[in-house]
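A quick write-up on the structure given underneath.
The values are calculated or read from the model by the stated rules, or taken from the named source; none is laboratory data. These figures come from a predicted structure and were not determined experimentally. FYI the Cβ positions are ideal-geometry reconstructions off the backbone, even for glycines, and counts take in every protein chain you see. Areas reflect the complete protein model, heavy atoms only, side chains present, ligands, DNA and RNA absent. Shrake-Rupley method; radii C 1.70, N 1.55, O 1.52, S 1.80 Å.
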Amino acid sequence: MKSVNGNEIIQLFESWSPKKYACMPNDPIGLAIGTLNKQVTKVLVTLDVTNEVVDEAIDNGCELIIAHHPPIFMKLSNLRTDNPKGALYEKCLKNDIAVYAAHTNLDVAPGGVNDLLADALKLEERKILDVTFEEKMMKLAVFVPNDDADALRDVLAKAGAGRLGHYEACSYTLQGKGRFRATEGADPAVGEIGELHIEEEEKVEVVFPQSMKNKILKAMLNNHPYEEPAYDLFTMDVDTNEQGLGRIGKLKEPMTLREFAEFVKVQLDVPCLRAVGPLDRTVQKVAVVGGDGNKYIRAAKYAGADVFVTGDIGFHMAQDAEVDGLSIIDPGHHVEKVMIKGVAEKMTSLCDEKKLPVEFIQSKINTEPFQFI
């Protein structure tokens, strides 16, 4: 059986939920405890890292924990093992369990926490509530002999260039003539040393996100027939790959706020919740932010939401929302537990595609700190 290194697993994870999506200053994401440079056969996926969760990882023979909430949120001034936090870190190290955290990057990622919550609430026509990440488009214009142009276009397309919305392999071509004289020491694909050569060429233009620049250039340079390809590279005044926190969408049918509150309780598996606004008010357009969404009340209102589903709403924030006519459903912070099943299934799929024999185990430990009496 193939041995899988922990770094391979996290590289796959970050291909889906890259660190660059993190939108909280100094968000402590990434490897928090231990090392990834080891064989990993089992991974425990959890919302939080508690003593009970670490025991669960030990009992299941897991070498790695992937968590949403970072186990080390503030910088440590010491690492004492005679206090609860220090003892937890010691237990992980003694049992060679690495802990990796994906926090706001997993909130933002397509298919991450906020999409999982929107899925659970069956929201349609959904959009990003607050854009927190975007990158510039770039354009490559490369000159290539006519006979080699199709092959190079194909290589660039396979590398990811030329994707525009629901279209792929997009490119533009101009015909022309290239002129050059190879000097001593050159190894020209066409033409002779010391002679001016004229070649019928195509100018192939493709666009791609800025983050793919190195990959696209490498593909072009490695597959171009010329020893010294001529090309232009431009940064465009066009943004792409918009990502962000929260989602806003519509329920298939309108409900009263009371009906929607009961629906949320069932869909997000909570025993109770807090509601702001008249319970007989009709709602259909719904905004959702996993975790603490106090900062996004205005964004929800401006986006036209009838009701905002989020956790940890403060008293005065709730009053302001009520005055503004925005209803709120607060099912608590712990509803982010939807990421356990979502991440385990996504990573199982990614590893299966790569034929990596890794098992992803969904934590069964309830890390909700509140009891409802």
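Consider residue 220 carefully, then state whether it is hydrophobic (A, V, I, L, M, F, W, C), more than 24 Å from residue 172 (Cβ to Cβ) and crowded, with 18+ Cβ neighbours inside 10 Å. When the stated conditions are applied, residue 220 does not pass them. It is to be established whether one or more residues within region 267-275 are within 30 Å of residue 134 (Cα to Cα) and touching a Phe, Trp or Tyr at 6+ places or on another chain (Cβ under 9 Å). The answer is no, given that none of the residues of region 267-275 is within 30 Å of residue 134 (Cα to Cα) and touching a Phe, Trp or Tyr at 6+ places or on another chain (Cβ under 9 Å). In region 330-346, is there at least one residue being in contact (Cβ under 8 Å) with a residue 40 or more places away in the chain, among the β-branched types (Val, Ile, Thr), surrounded by 20 or more Cβ atoms within 10 Å (Cβ to Cβ) and assigned to a strand (DSSP E or B)? The answer is no; no qualifying residue exists. When we screen 162, 185, 191 for residues that are small (Gly, Ala, Ser), in a loop (DSSP other than H, G, I, E, B) and open to solvent by 70 Å² or more (accessible area, probe 1.4 Å), the only hit is 185. Against the list (1) over 30 Å from residue 112 (Cβ atoms); (2) open to solvent by less than 90 Å² (accessible area, probe 1.4 Å); (3) touching a strand residue (DSSP E or B) at 6+ places or on another chain (Cβ under 7 Å), the condition residue 251 fails is (1).
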